[in-house]
Amino acid sequence: NIRYLPGDVVKGQQLRKTESCPLQDGIVNWPALTVELKKARSDGWIMGEDFSTTVPLDQRLTGNIAFMKSLL
């Protein structure tokens, strides 16, 4: 997942830059996405990559799995 951060101001316009972040903290609305997957009767795998670094890898993996299971 990513989040938007303020970037440079160019000609008076505030630009945005992106940053990797934990699944729960980004722009993807995971609860809404999983609802739509259920409506579509999708029963396949959900795969993702977490490039954030604020949490150690082992904690990210277990946390992301728990988060996704809570939505499904």
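Annotations for the structure displayed:
- Hits in segment 24-37 - residues which are within 12 Å of Leu71 (Cα to Cα) and of a type in the set (A, V, I, L, M): Ala32, Leu33, Val35, Leu37
- Within the set Glu49, Glu36, the sole residue that is in a loop (DSSP other than H, G, I, E, B) and either open to solvent by 100 Å² or more (accessible area, probe 1.4 Å) or not β-branched (Val, Ile, Thr) (or both) turns out to be Glu49.
- Lone qualifier among Gln24, Gln59, Gln14 - being open to solvent by 100 Å² or more (accessible area, probe 1.4 Å) and not acidic (Asp, Glu): Gln59
- Residue match in segment 49-56 (condition: without any contact (Cβ under 8 Å) to a residue 24 or more places away in the chain and closer than 27 Å to Leu5 by Cβ): yes
The values are calculated or read from the model by the stated rules, or taken from the named source; none is laboratory data. Bear in mind the structure is a predicted one, so any value in this text is a computation, not a measurement. Every residue, glycine among them, receives a Cβ derived from its backbone with ideal geometry; neighbour counts consider all protein chains shown. Heavy atoms of the whole protein, side chains included, go into the accessibility calculation; ligands, DNA and RNA do not. Shrake-Rupley method; radii C 1.70, N 1.55, O 1.52, S 1.80 Å.
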